[in-house]
Amino acid sequence: MAPELALDNRDFESLAVSPLRELGAYEAMWDNPGVTFKTLSEKFAAHRGALPSDFVTTAKAEEYADFVRERFRAAHIDRFGVRVNGAGEYPEKLRDAAHPVELIYYQGWWDLVESRCVAVVGSRKPSDEGIGRTRRVVRELVKDGFTIVSGLAAGVDTAAHETAIETGGRTVAVIGTPLSHVYPRTNTDLQRKIARDFLLISQVPVKRYENQDYRMNRLFFPERNVTMSALTEATVIVEASETSGTLIQARAALQQGRKLFILDSCFRDARLTWPHRCAEKGAIRVVDYDDIRQHLSQTTH
Amino acid sequence: MTSASIFPRRLTKIDDLTRSDHSYLATADACYFLGEYTARKGYAFSPTNHLIFNLKKGMERRDRPEWRYKGVAIQTVADALRSALNDKARQNFAFVPVPPSKAKADPLYDDRLAQVLRAIWPGQETDIRELVVQPTSTPAVHDRDDRPTPGELEALYVVDQSLVQPKPKVFAVVDDMITTGAHYVAIRNILRRVHPDIPIMGIFIARRVPEAVDVEDFET
């Protein structure tokens, strides 16, 4: 036996986090239909300082970790990482969410999480004007050095990511599927490019996602909007209907103390009441880009 | 909004998820790190990246105003290691810094790791042994086209025989960044010959992901 293996350093080991074991333990905790982001965050709030591995046996954690690695391998994901609350490099700003996620998966350049980030989101079926407005606001934000964060959905999200890339900017996608899945399929290449050159983030547990019905999995989409808001200093809503999932992000931004920008065109749409309700709670009506710029942080890099 | 992330104060194990990033490491190597260095040209936003830039500032910058940030970085790392380790570690470990690439007499000799180690538990007995030394200066790794292998490094290193005794309970090899793992493996091999039955572990201020650019590439 190599001397390393003979080392009885359990006191020391207990101080160090093994990301792979935490990933497996987290997946195991999720593998129960009653578990939600809310119940998990309550559990961790009740056990301050706990890690997923405190609730799951090592053998079970290993079994689930193997499952995830197998799935990712099959999806040709050869490198990925996780961030665990309580371990190194976990973004503290995630704690501002109502039910903060304990673990997230990522691919790509983690560093972008620490850059000045603004989310640009909106309808999956925007008008042509909506696409044009998305492109304009993204171009301005990129010029000011912001990283563009969005959800890789069809419509506004896709236009936001693509414009950021085309104009030489940086972009982060927070997706509502595991890293091993793509939705919509038409964004397969875009997701791959973001994972390789920028940053792709998912909070969705892999085993649970595969085990449950697609209708249940749809709930992961609005939940990632809450995380997207927490990761950014502001959210810009370009266009959204009265029942859009984008409004989850609007509510989250206000609740988390983030800036919420709503384009003037939303206010001028007589069918919509949500822009006015959000404005009453502190959202900023954007007539031109200066309305955004003057409320954002200044460049330090 | 919650303030930006701070430099990690807890160790993370190099496990099956990350070991392949450090090609010389074997499965049995017990290696731990605090932060992840992920800088790429134009992308350098994290506290870990800034800390590493400041910590590795070359001695030729000693007369510049920015020099004080090096001292701040040394203290930050020492504070993080104090949080990450416990008193048992202080009592049982012999801390062995990876030797600087410049010889002691060289004006560019930088003993930042020894400084970090001395600042972890000031005033308390800590076994810090500059047991492995490099008597001849070599170009820093980033100035070479090829990275050295563990065997090449072993050939450069010499054991300071005056520091071999007493026999410690654990060797903790300390370096600021683990990249391929070549320096760690070289020292581990040497320490195994010094005391064959002593467990060895590696403690790193940061691990560098493979595609990240060298610190020095950023400074030019």
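Just for segment A:17-37: of the residues that are more than 14 Å from chain B (Cβ to nearest Cβ) and among the aromatic types (Phe, Trp, Tyr), which one is nearest to B:Ile203 (Cα to Cα)? Break it down stepwise before answering.
First, pick out the residues of segment A:17-37 that are more than 14 Å from chain B (Cβ to nearest Cβ): A:28-37.
From what is left, the residues that are among the aromatic types (Phe, Trp, Tyr) are A:30, A:37.
Numbers: A:Trp30: 32, A:Phe37: 34 Å.
Checked segment A:17-37; the qualifying residue nearest to B:Ile203 (Cα to Cα) is A:Trp30.
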Query raised in the report: Is it the case that A:Asp66 is away from every other protein chain (no Cβ under 14 Å), in contact (Cβ under 8 Å) with a residue 40 or more places away in the chain and under 29 Å from B:Ser20 (Cα atoms)?
Result: no
Requested in this report: Pick out the one residue from B:Asp127, B:Asp146, B:Asp160 that is of a type in the set (D, E, K, R), surrounded by 15 or more Cβ atoms within 10 Å (Cβ to Cβ) and more than 14 Å from chain A (Cβ to nearest Cβ).
Outcome: B:Asp127
**Report entry** Subset tally (residues that are touching a helix residue (DSSP H, G or I) at 6+ places or on another chain (Cβ under 7 Å) and part of a helix (DSSP H, G or I)) for segment A:199-219
**Finding:** 5
Query raised in the report: Within the group B:Thr76, B:Thr18, which residue is closer than 26 Å to A:Ser297 by Cβ and in contact (Cβ under 8 Å) with a residue 40 or more places away in the chain?
Result: B:Thr76
Query raised in the report: Quick check: anything in segment B:39-47 under 17 Å from the mean Cα position of the chain (by Cα), modelled with pLDDT under 95 and within 7 Å of chain A (Cβ to nearest Cβ)?
Result: no
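Within segment A:120-133, does at least one residue satisfy the condition of being more than 14 Å from the chain's Cα centre (by Cα), farther than 30 Å from A:Ala28 by Cα, within 11 Å of another protein chain (Cβ to nearest Cβ) and not basic (Lys, Arg)? Walk me through how you get there before you give the answer.
First, pick out the residues of segment A:120-133 that are more than 14 Å from the chain's Cα centre (by Cα): A:122-133.
Checking the rest, the ones that are also farther than 30 Å from A:Ala28 by Cα come to A:122-133.
Okay, now just the ones that are also within 11 Å of another protein chain (Cβ to nearest Cβ), so none.
Looking through segment A:120-133, none of the residues is more than 14 Å from the chain's Cα centre (by Cα), farther than 30 Å from A:Ala28 by Cα, within 11 Å of another protein chain (Cβ to nearest Cβ) and not basic (Lys, Arg).
Would you check if there is a residue in segment B:8-20 being charged (D, E, K, R), within 28 Å of B:Pro139 (Cα to Cα) and either more than 8 Å from chain A (Cβ to nearest Cβ) or surrounded by fewer than 20 Cβ atoms within 10 Å (Cβ to Cβ) (or both)?
Yes, because at least one residue in segment B:8-20 is charged (D, E, K, R), within 28 Å of B:Pro139 (Cα to Cα) and either more than 8 Å from chain A (Cβ to nearest Cβ) or surrounded by fewer than 20 Cβ atoms within 10 Å (Cβ to Cβ) (or both).
If I go through segment A:50-78 residue by residue, how many of them are part of a loop (DSSP other than H, G, I, E, B) and surrounded by fewer than 17 Cβ atoms within 10 Å (Cβ to Cβ)? Reasoning before the result, please.
So in segment A:50-78, the residues part of a loop (DSSP other than H, G, I, E, B) come out as A:50-51, A:55-57, A:75-78.
Remaining after also requiring surrounded by fewer than 17 Cβ atoms within 10 Å (Cβ to Cβ): A:50, A:57, A:75-76, A:78.
Total meeting the criteria: 5.
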Query raised in the report: Any idea how many residues of segment A:259-289 are buried (at least 23 other Cβ atoms within 10 Å of the Cβ) and within 14 Å of chain B (Cβ to nearest Cβ)?
Result: 1
**Report entry** Candidates B:Ala73, B:Ala78, B:Ala94, B:Ala30 - the one that is in contact with a Leu (Cβ under 6 Å, 6 or more places away or on another chain), among the small types (Gly, Ala, Ser) and modelled with pLDDT of 90 or more
**Finding:** B:Ala73
**Report entry** Which numbered condition A:Gly176 fails, given (1) surrounded by 24 or more Cβ atoms within 10 Å (Cβ to Cβ); (2) more than 16 Å from the chain's Cα centre (by Cα); (3) more than 21 Å from A:Leu296 (Cβ to Cβ)
**Finding:** (2)
**Report entry** Members of segment A:193-208 found to be over 17 Å from A:Ala153 (Cβ atoms) and not hydrophobic (A, V, I, L, M, F, W, C), listed by number
**Finding:** A:Arg196, A:Asp197, A:Pro205, A:Lys207, A:Arg208
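Could you go through segment B:50-73 and let me know if any residue there is at the interface with another protein chain (Cβ under 10 Å from one of its Cβ atoms) and under 15 Å from B:Asp175 (Cα atoms).
If we filter segment B:50-73 for residues that are at the interface with another protein chain (Cβ under 10 Å from one of its Cβ atoms), which is where we start, we get B:50.
The next check asks that each one be under 15 Å from B:Asp175 (Cα atoms); those that pass are none.
Checked segment B:50-73: no residue is at the interface with another protein chain (Cβ under 10 Å from one of its Cβ atoms) and under 15 Å from B:Asp175 (Cα atoms).
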Query raised in the report: Is segment B:26-39 home to any residue that is in contact (Cβ under 8 Å) with a residue 40 or more places away in the chain, of a type in the set (Asp, Glu) and in a strand (DSSP E or B)?
Result: yes
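For segment B:92-99, does any single residue satisfy the condition of being surrounded by fewer than 18 Cβ atoms within 10 Å (Cβ to Cβ), in a helix (DSSP H, G or I) and in contact with a helix residue (DSSP H, G or I) (Cβ under 8 Å, 6 or more places away or on another chain)?
no
The rows are residues; the columns are (1) over 22 Å from B:Leu55 (Cβ atoms); (2) assigned to a loop (DSSP other than H, G, I, E, B); (3) among the aliphatic types (A, V, I, L, M); (4) over 12 Å from the mean Cα position of the chain (by Cα).
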{"residue": "B:Ser162", "(1), (2), (3), (4)": "yes, no, no, yes"}
{"residue": "B:Pro166", "(1), (2), (3), (4)": "yes, yes, no, yes"}
{"residue": "B:Tyr184", "(1), (2), (3), (4)": "no, no, no, no"}
{"residue": "B:Arg193", "(1), (2), (3), (4)": "yes, no, no, yes"}
{"residue": "B:Phe204", "(1), (2), (3), (4)": "no, no, no, no"}
Report summary line: Residue pairs qualifying under the 7 Å Cβ cut-off, at least six apart or on distinct chains, with the first in segment B:194-205 being more than 10 Å from chain A (Cβ to nearest Cβ) and the second being assigned to a loop (DSSP other than H, G, I, E, B) and modelled with pLDDT under 95, are none
Requested in this report: Kindly indicate the residue of segment A:290-299 that is without any contact (Cβ under 8 Å) to a residue 40 or more places away in the chain and exposed (fewer than 11 other Cβ atoms within 10 Å of the Cβ) and also nearest to A:Glu92 (Cα to Cα) among those meeting that condition.
Outcome: A:Gln298
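The values are calculated or read from the model by the stated rules, or taken from the named source; none is laboratory data. In this text the structure is predicted, and so the values were computed from the model without any measurement. Virtual Cβ from ideal backbone geometry, glycine too; neighbours counted across all protein chains shown.
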